[in-house]
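Asker: Sharing a structure here in structure tokens format.
Bear in mind these aren't lab numbers, they're just calculated from the coordinates by the rules spelled out. Fair warning: this is a prediction, and the values are worked out from it, not measured in the lab. Glycine also receives a Cβ, built like all others from the backbone with ideal geometry; neighbour counts cover every protein chain displayed.
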Amino acid sequence: MDLSQINPVLLIASLMVAATPILLAAIGELVVERAGVLNLGVEGMMITGAICGFAVAVESGSPLFGFVAAAVGGAVLSLLFVLLTQVALANQVASGLALTLFGLGLSSLLGQGYVGLKPPPTPRLDIPVLSDLPVVGPILFSHDPVLYFGIVVVAATWALLKFTRAGLILRAVGENHDAAHALGYKVVRIRVLAILFGGACAGLGGAYISLIRVPQWTEGMTAGVGWIALALVVFASWKPWRVLLGAYLFGGLTVLQLNLQAAGVAIPVEYLAMSPYVITIVVLVILSADKSRAPAALGRVFHATR
Amino acid sequence: MIVLEKRPQPSQFWSLATPIAAVVATMIFGGLLFAVLGKNPVEAIRTIFWDPLLGEFAFYYRPQLLIKGAPLVLIAIGLSLGFKAGIWNIGAEGQYIIGALTGAGVGLAFYPMESWIIFPLMVLAGALGGWAWAMIPALLKVKFGTNEILVSLMLVYVAEQLLASMSLGLLKNPEGFGFPGSRNLQQYDSAHNAELIAGSGMHWGVVAAMITVIFAYVLLNRHMLGFHIRLTGDAPRAARFAGVNPARLILFCLGISGALAGLAGLFEVAGPAGQISIDFNTGYGFTAIIVAFLGRLHPIGILLAGLLMALTYIGGEIAQSQMGLPAAAIQVFQGMLLFFLLALDVLTNFRIRLKTREVA
């Protein structure tokens, strides 16, 4: 075992890469939950985004088209969730599970011809002086554009929720849909938009795994990242910046665990591989004491009678 | 414009009709999917739903119906009790794996001793293993209010890693020439969950599934605990006033579903699967969620839904080998079924009315 092989600068740089899929999916789900909807289909939307993005990127040769297709794919799948929960007023927990089961099947069906292929590489940022700086360069200035986009989305979500009228309305719908309805806000319309945004973000997160993080297509490759993202929203007490913090913590754990595997630590590989899931549970336990931050109308069905 | 009007009481008719309507809708849209994949939709649907039951080689496939249906029914019955009360155990797959591990572990510990006591001990160990695995989310929910959905699901991934570790390490066959996987329990008479009547597909898991259906039916319709489960699901506040102890209910519902999933795992690993290997689990724990909903969370309904779902597995395999239909297409097909079911369920609780917009 040789821990000195682990380079802290590279560790932080790869931590940011590992965190981005969780970050994108979680920030999307945060908006959905702030609107009072619990969408448990994140895993399904992510894996669908992963294959849509992968397939389009391979066929078109452009990672950009891939990411756009991934967002569209995730959003289209979330449209099914919209139909179930907002139109047919079905139970949100069951509908989310349905979305995940369906998405997993759909993705492996779509991905049949794509196993073993290599996607076109996504160009990394390369700023002449800045990217070559020691320590700061690899950490801050030489990532792919999507990673920065993820951080921008977090900032934008934070600003939208905190400072704009639209954000206030979204929160009102999530806290008390009857009151929001009485004030004349279109509860269902706002929720539909939030769910579609969540789907697009989850799709992007999935494509980040298949196009940049791994990068190739294997069945079920998201391996629970969508569920970790759901846990992360609870961890973050529904606050955008804490999602960023939490995602980097989980990303760090994943990368550290992989580094330890590579360094040949005397812990069996399987036990290291289960650590992110175990730690998610531990974190959930620590944080579940305080539920006051959860949007009050979370998971409740809205049916306008008047 | 179309308006949904809440029914004062859920419609009896639609409550029975929606699963059938959902199956029909899934056949239509599944047929379209198969057509898109370039297969003859009519032939595909016939291969999936007709051939295993009444086709030329049905005598070979019919026993499979019991073998595949039993674990689904066992797990789904357990899940349905929780789902009724709003307790969401979606980690049955993990409990299934752990039940198989503990059960097979006990059996392998006795190898090569032959005794009648070994199999009952394995059954007990399997149930206990699944129960213990489900107790983790249950206790965390009771003690700390942790979300049981996320915890039980995370534990599936943990269980999968444990399974990999066990089949490569502790439970690996010492005479297996280094291949991963345990000894084959089918070749160890005392531990083998053999068919009770040769060629019928009837093994102890099938018996257990039937007993469970009856047990659940009596529990829900004739027992106070069953009434409390239904009450908590329909009106949680009323249940609190009626003196239902939510913590006890959580422990019971998660515990029983874990134990049943563990049993299903043990019967599978000691019988049809034969050995612990990295990928012996085939997702029954997740498919059982669909079975539970398709059966309307009712024991008899689940029995029928389990058989139907088993049929899609068997039919799917036939369609795979005969028509080259991808395995994933069947997974999509099963997912679709749950979608249509949830969507059509709106008819049970709501009336659809055409209304002209009123002027305020």
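Asker: Cβ-Cβ under 6 Å, sequence separation 6+ or interchain: first residue in the stretch B:87-105 and farther than 17 Å from A:E43 by Cα, partner assigned to a loop (DSSP other than H, G, I, E, B). Which pairs?
Answerer: B:I97/B:N281; B:A104/B:I276
Asker: Out of curiosity, is B:A327 of a type outside the set (S, T, Y) and free of Cβ contacts under 8 Å to residues at least 12 places away in the same chain?
Answerer: Criteria met by B:A327.
Asker: Next question. Which of the residues belonging to the stretch A:205-230 are within 11 Å of the chain's Cα centre (by Cα) and either more than 11 Å from chain B (Cβ to nearest Cβ) or among the aliphatic types (A, V, I, L, M) (or both)?
Answerer: Passing the criteria: A:G205, A:G206, A:A207, A:Y208, A:I209, A:T222, A:V225, A:I228, A:A229, A:L230.
Asker: I would also like to ask the following. Taking into account only those residues within the stretch A:73-85 that are away from every other protein chain (no Cβ under 11 Å) and not hydrophobic (A, V, I, L, M, F, W, C), which is surrounded by the most Cβ atoms within 10 Å (Cβ to Cβ)?
Answerer: Among them, the one singled out is A:G74.
Each row is one residue, and each column tells you yes or no for (1) within 14 Å of chain B (Cβ to nearest Cβ); (2) within 18 Å of the chain's Cα centre (by Cα).
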site	(1), (2)
A:V56	no, no
A:A71	no, yes
A:T100	yes, yes
A:G103	yes, yes
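Asker: Sticking with this one: Among the residues in the stretch A:250-270, are any under 25 Å from A:R34 (Cβ atoms) and either surrounded by 15 or more Cβ atoms within 10 Å (Cβ to Cβ) or more than 11 Å from chain B (Cβ to nearest Cβ) (or both)?
Answerer: The answer is yes; a qualifying residue exists.
Asker: Is it true that A:V188 is part of a helix (DSSP H, G or I), surrounded by 20 or more Cβ atoms within 10 Å (Cβ to Cβ) and touching a residue at least 12 places away in the same chain (Cβ under 8 Å)?
Answerer: Answer is no for this residue.
Asker: While we're here: With respect to B:A292, determine if the residue is touching a Ser or Thr at 6+ places or on another chain (Cβ under 8 Å) and either surrounded by fewer than 23 Cβ atoms within 10 Å (Cβ to Cβ) or free of Cβ contacts under 8 Å to residues at least 12 places away in the same chain (or both).
Answerer: Spelling it out, it is not the case that B:A292 is touching a Ser or Thr at 6+ places or on another chain (Cβ under 8 Å) and either surrounded by fewer than 23 Cβ atoms within 10 Å (Cβ to Cβ) or free of Cβ contacts under 8 Å to residues at least 12 places away in the same chain (or both).
Asker: Looking only at the stretch B:126-147, decide whether some residue is among the aromatic types (F, W, Y), surrounded by fewer than 20 Cβ atoms within 10 Å (Cβ to Cβ) and either assigned to a helix (DSSP H, G or I) or in contact (Cβ under 8 Å) with a residue 40 or more places away in the chain (or both).
Answerer: Yes, some residue in the stretch B:126-147 is among the aromatic types (F, W, Y), surrounded by fewer than 20 Cβ atoms within 10 Å (Cβ to Cβ) and either assigned to a helix (DSSP H, G or I) or in contact (Cβ under 8 Å) with a residue 40 or more places away in the chain (or both).
Asker: Taking the stretch B:162-187 as the search range and keeping residues that are small (G, A, S) and closer than 17 Å to B:I98 by Cα, which one is surrounded by the most Cβ atoms within 10 Å (Cβ to Cβ)? Even if it seems obvious, please write down each step before you answer.
Answerer: Residues of the stretch B:162-187 small (G, A, S): B:164-165, B:167, B:169, B:176, B:178, B:181-182.
Then keep just the ones that are closer than 17 Å to B:I98 by Cα; that gives B:164-165, B:167, B:169, B:181-182.
Numbers: B:A164: 19, B:S165: 19, B:S167: 23, B:G169: 11, B:G181: 18, B:S182: 25.
Looking at residues that are small (G, A, S) and closer than 17 Å to B:I98 by Cα, I get B:S182.
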